[in-house]
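Each remark here refers to the structure printed beneath this line.
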Amino acid sequence: MRRGRLAATLLTLVCLMPATAQANAGIPMLAIYLPPAWLLLLPIILIEAAHGTLRWGVPFRQALKAQAFANVLSTIVGVPLCWALAAGVELACCGEAEGLGTGAQRVYAVTVQAPWLIPYETNLWWMVPAATVVLSIFFYGMSILVEYPIVRRGVPGLAASAARQWVIRTNAITYSLLLLFITIIGENEGLARAIRDAFGGVTSPIINAVFAALIRLLGVK
């Protein structure tokens, strides 16, 4: 069925993670989210730098340097850390399957449990896209918090209000593009497999290391 194609193709991205992607362990959504974010990193930097030049008159080289540092930090460090914290909260208190019998339970399953989806297999066709949107909101907020002080310091002549608007507006644009790209991946199995093959060797160790650290930290057995 077409409605299941998006989730099924995106789940191709977690197939190289036997320790974390088994049916009884759930779906680590970072495996779906992080490779597209890495692939779009350079275009995102260019878009956000260009916005600063066109809207605020910041010299492009200066804008590019500030946005490169800010986006590399938020994508390489911020996104995995944000996901790890959210996954830790879920593992500590909210990792039990509550079912999908009510509307509240369905919302709970793709919000509080969005970092590491419970594998309700017949419902993943809508849960994976919904959880992706929820995580995008979390990551958007994280990106603003991380990138604003970097951009502020990198362009000291720019007013604080302008720097804030720059970061808020451009991240809204680029996260929308990232969601669109993830949707495109979900409609193209060949592309999903290519991305998995390219990034699985990096993404898998990150997720497994975070999972092992959380288990040890929280004392979960």
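The values are calculated or read from the model by the stated rules, or taken from the named source; none is laboratory data. Since this is a predicted model, take the numbers as computed values, not measurements. Counting neighbours? That spans all protein chains shown, and the Cβs are built from the backbone with ideal geometry, glycine included. Each accessible area value is taken on the protein alone, full model and side chains, heavy atoms only, with ligands, DNA and RNA left out. Shrake-Rupley method; radii C 1.70, N 1.55, O 1.52, S 1.80 Å.
The single condition among (1) surrounded by 16 or more Cβ atoms within 10 Å (Cβ to Cβ); (2) touching a residue at least 40 places away in the same chain (Cβ under 8 Å) that L64 does not satisfy is (2). Do we have I195 as surrounded by 14 or more Cβ atoms within 10 Å (Cβ to Cβ) and out of contact with any Asp or Glu (no Cβ under 7 Å at 6 or more places or on another chain) here? Answer is yes for this residue.
Looking at V110, V79, can you tell me which residue is within 24 Å of A209 (Cα to Cα), in contact (Cβ under 8 Å) with a residue 40 or more places away in the chain and surrounded by 15 or more Cβ atoms within 10 Å (Cβ to Cβ)? Working first, answer last.
On the way: V110 fails: in contact (Cβ under 8 Å) with a residue 40 or more places away in the chain.
Matching residue, one of V110, V79: V79.
Within region 83-101, track down each residue that is closer than 12 Å to P115 by Cα and either touching a Phe, Trp or Tyr at 6+ places or on another chain (Cβ under 6 Å) or of a type in the set (D, E) (or both). Answer for region 83-101, where residues must be closer than 12 Å to P115 by Cα and either touching a Phe, Trp or Tyr at 6+ places or on another chain (Cβ under 6 Å) or of a type in the set (D, E) (or both): A87, E90.
Filter region 1-40 down to the residues that are at pLDDT 90 or above and open to solvent by 30 Å² or more (accessible area, probe 1.4 Å), then identify the one that is nearest to I215 (Cα to Cα). That would be W38.
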